[in-house]
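Engineer: Dropping the structure in here first, questions after.
The values are calculated or read from the model by the stated rules, or taken from the named source; none is laboratory data. The model shown is predicted, which means the values in this text are computed figures rather than measured ones. No Cβ is skipped: glycine too gets one built from the backbone with ideal geometry, and neighbour counts run over all protein chains shown.
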Amino acid sequence: LSGGLSPEQATANLNAMNVGDAPWLLSFSYGRALQQPVLQAWQGKAENVGAAQQALLKRARLNGAAQRGEYQESMENTA
């Protein structure tokens, strides 16, 4: 799902699939969409580990909300 998409677009797509009352649950298994913001924050530097951890936590929380169909783009600035 996330191949070639930004992390934000991949999250929005997951959310769109989970809005409504579908008889199934859709989850996520993103490589790049979860890792890209983390790697950008980390840059291979020990002093950036905390920022990288926060980036992973943010994207995981946003994807969790999208898995429940509760994601909103405005959450990108507050998560």
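Engineer: Hey, among the residues in segment 8-35 that are among the hydrophobic types (A, V, I, L, M, F, W, C) and assigned to a loop (DSSP other than H, G, I, E, B), which one's nearest to Ser74 (Cα to Cα)?
Structural biologist: Only one residue tops the list, namely Val19.
Engineer: Ok, one more. Which condition does Ala51 not pass, out of (1) farther than 21 Å from Leu5 by Cβ; (2) in a loop (DSSP other than H, G, I, E, B), if it passes all the others?
Structural biologist: (2)
Engineer: For Val38, are the conditions met, namely being aliphatic (A, V, I, L, M), part of a helix (DSSP H, G or I), at pLDDT 90 or above and more than 22 Å from Ser74 (Cα to Cα)?
Structural biologist: no
Engineer: Based on this model, can you work out whether Gly64 counts as in contact with a Gly (Cβ under 9 Å, 6 or more places away or on another chain) and within 20 Å of Leu5 (Cα to Cα)? Talk me through it step by step, then tell me what you get.
Structural biologist: On the way: in contact with a Gly (Cβ under 9 Å, 6 or more places away or on another chain): no; within 20 Å of Leu5 (Cα to Cα): yes.
Spelling it out, it is not the case that Gly64 is in contact with a Gly (Cβ under 9 Å, 6 or more places away or on another chain) and within 20 Å of Leu5 (Cα to Cα).
Engineer: Also: Please specify each residue of segment 37-64 satisfying the condition of being surrounded by fewer than 18 Cβ atoms within 10 Å (Cβ to Cβ) and under 20 Å from Leu14 (Cβ atoms).
Structural biologist: Answer for segment 37-64, where residues must be surrounded by fewer than 18 Cβ atoms within 10 Å (Cβ to Cβ) and under 20 Å from Leu14 (Cβ atoms): Leu56, Leu57, Ala60, Arg61, Gly64.
Engineer: Conditions first: (1) under 10 Å from the mean Cα position of the chain (by Cα); (2) loosely packed, with under 13 Cβ neighbours inside 10 Å. Ser27 passes all but one, so which condition is the exception?
Structural biologist: If we test Ser27 against (1) under 10 Å from the mean Cα position of the chain (by Cα); (2) loosely packed, with under 13 Cβ neighbours inside 10 Å, just (1) comes out false.
Engineer: Something else about it: Taking the condition touching a residue at least 12 places away in the same chain (Cβ under 8 Å), touching a Ser or Thr at 6+ places or on another chain (Cβ under 8 Å) and of a type outside the set (Val, Ile, Thr), does Ala55 pass? Quick ask: steps written out before the conclusion?
Structural biologist: On the way: touching a residue at least 12 places away in the same chain (Cβ under 8 Å): yes; touching a Ser or Thr at 6+ places or on another chain (Cβ under 8 Å): no; of a type outside the set (Val, Ile, Thr): yes.
Judged against the criteria, Ala55 is not a match.
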